[in-house]
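A.B. asks: Just passing along the structure, written as structure tokens.
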Amino acid sequence: MELTKMIGSKKLRIVFMGTPKFAVPILDVLIELVGVRAVVTQPSRLKKDGQYISPPVKQVADKHLILVLQPEDIKENMVEILSLEPNLIITCAYGQILPKEILEYPKYGCINIHASLLPKLRGGAPIQRAIIKGFEKTGVTIMMMDQGLDSGDIIASREITISDEDNASSLHDKLSLLGRDLLLETLPDVINQTAKLTPQNREEATYALTLTAKDEKIDFHKTAREVFNQIRGLSEYPGAYCLFNDKRLKIYQARLSTNFFEEALPGEITAIYEDGIGVKTGNREIILEKVKLEGKNMMSAAEFAKGQQENIIGKLLK
């Protein structure tokens, strides 16, 4: 491949920084085509069962016997990172802002793959927030990093449409592959130092802050479209929820309805269908299709309704 030949002639020394599944396709292709000197990722975490869970990026690096660094604070390993003499640092969903000393070290710079069309949706949850906010399109941006939060000059971007069939999981996978492909197209210009850098318009910047527990609770007083977008934007993790008989009922899939049920209250179960449960929102009905009651397995909403020992039409989901 032409890219491999070009990069080989430059004696590229890449340090890759990333953590979640989103970054895996990008790391995979870098390992395959150009090689990676080291991987920096978030620390492994101890689960309740006493086992450590390693970030997906670490699992890939271990498989290929690549050096892995997992600092709680990247400044702790700054000297070790710089001792690797990286001439290009590539980050993707790493989770920490790099200090100035690292940003200024590589000859070819520090570049980042971000899952939005910057300057829109800077921050840690751009995929979920794009759906929750009702965006019709999003994309990926490759930028030259600075000390701000996703505020560096744009090198390249690629757009993708968000459909009503998309949820956070499906959009995640599409954007991950899109980011991989855009990086391969962009790398030659970065390495040849011919990339055109476009400053971000600060006045157009918006933020996609990391999700909190408050974002997961459904308010059925909102419109059907808003509830629908929230469910999709949190599916399949962590999942939007409401309360049914004081237990959490997570909603993983739903569809919009044309029924209004003018007399029903927001959150009231309006009907049981062959393939779902109708619930009134602030303006019209939404039909729940896939749910998980606290302590139970995920199931179809119709199956959930059949399993109840009472008529649940008229009950309020809170």
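The values are calculated or read from the model by the stated rules, or taken from the named source; none is laboratory data. Please read these numbers as outputs of a predicted model, since none were measured by experiment. Here Cβ is always computed from backbone atoms with ideal geometry, including for glycine, and neighbour counts include all displayed protein chains.
A.B. asks: Condition first: of a type outside the set (A, V, I, L, M) and under 20 Å from S83 (Cβ atoms). Now tell me which residues in the range 93-150 satisfy that.
C.D. replies: Scanning the range 93-150 gives Y94, Q96, P99, K100, E101, E104, Y105, P106, K107, Y108, G109, C110.
A.B. asks: Still on this model: Among what's in the range 214-252 and is of a type in the set (S, T, N, Q) and touching a strand residue (DSSP E or B) at 6+ places or on another chain (Cβ under 8 Å), pick the residue that is nearest to S300 (Cα to Cα).
C.D. replies: Among them, the one singled out is S235.
A.B. asks: In this structure, does T161 turn out to be surrounded by 19 or more Cβ atoms within 10 Å (Cβ to Cβ), in the same structural domain as K196 (by TED's automatic domain parsing) and β-branched (V, I, T)?
C.D. replies: It is false that T161 is surrounded by 19 or more Cβ atoms within 10 Å (Cβ to Cβ), in the same structural domain as K196 (by TED's automatic domain parsing) and β-branched (V, I, T).
A.B. asks: Let me ask something additional. Counting just the residues of the range 169-215 that are over 15 Å from S151 (Cβ atoms), basic (K, R) and touching a residue at least 40 places away in the same chain (Cβ under 8 Å), which one comes out surrounded by the most Cβ atoms within 10 Å (Cβ to Cβ)?
C.D. replies: R180
A.B. asks: Which of (1) within 21 Å of R158 (Cα to Cα); (2) outside the structural domain of I89 (by TED's automatic domain parsing); (3) touching a Ser or Thr at 6+ places or on another chain (Cβ under 8 Å); (4) not basic (K, R) does G233 not meet, given it meets every other one?
C.D. replies: (3)
A.B. asks: Does E72 meet the test of being in a helix (DSSP H, G or I), free of Cβ contacts under 8 Å to residues at least 60 places away in the same chain and more than 21 Å from L177 (Cβ to Cβ)? First the steps, then the outcome.
C.D. replies: Numbers: in a helix (DSSP H, G or I): no; free of Cβ contacts under 8 Å to residues at least 60 places away in the same chain: yes; more than 21 Å from L177 (Cβ to Cβ): yes.
For E72, the condition - in a helix (DSSP H, G or I), free of Cβ contacts under 8 Å to residues at least 60 places away in the same chain and more than 21 Å from L177 (Cβ to Cβ) - is not met.
A.B. asks: Can you tell me which residues in the range 39-55 are surrounded by 17 or more Cβ atoms within 10 Å (Cβ to Cβ) and outside any loop (DSSP other than H, G, I, E, B)?
C.D. replies: V39, V40
A.B. asks: I've got another one for you. Which residue is surrounded by the most Cβ atoms within 10 Å (Cβ to Cβ), if the candidates are limited to the range 85-102 and must be assigned to a loop (DSSP other than H, G, I, E, B) and out of contact with any strand residue (DSSP E or B) (no Cβ under 7 Å at 6 or more places or on another chain)?
C.D. replies: N87
A.B. asks: Still on this structure, please answer the following. Tell me yes or no: at least one residue of the range 221-232 is among the hydroxyl-bearing types (S, T, Y), at pLDDT 95 or above and not in a strand (DSSP E or B).
C.D. replies: Looking through the range 221-232, at least one residue is among the hydroxyl-bearing types (S, T, Y), at pLDDT 95 or above and not in a strand (DSSP E or B).
A.B. asks: Then there is this: Given the options E236, E310, E263, name the one that is modelled with pLDDT under 95 and in contact with a Phe, Trp or Tyr (Cβ under 6 Å, 6 or more places away or on another chain).
C.D. replies: Selected residue: E236, the only one of E236, E310, E263 that is modelled with pLDDT under 95 and in contact with a Phe, Trp or Tyr (Cβ under 6 Å, 6 or more places away or on another chain).
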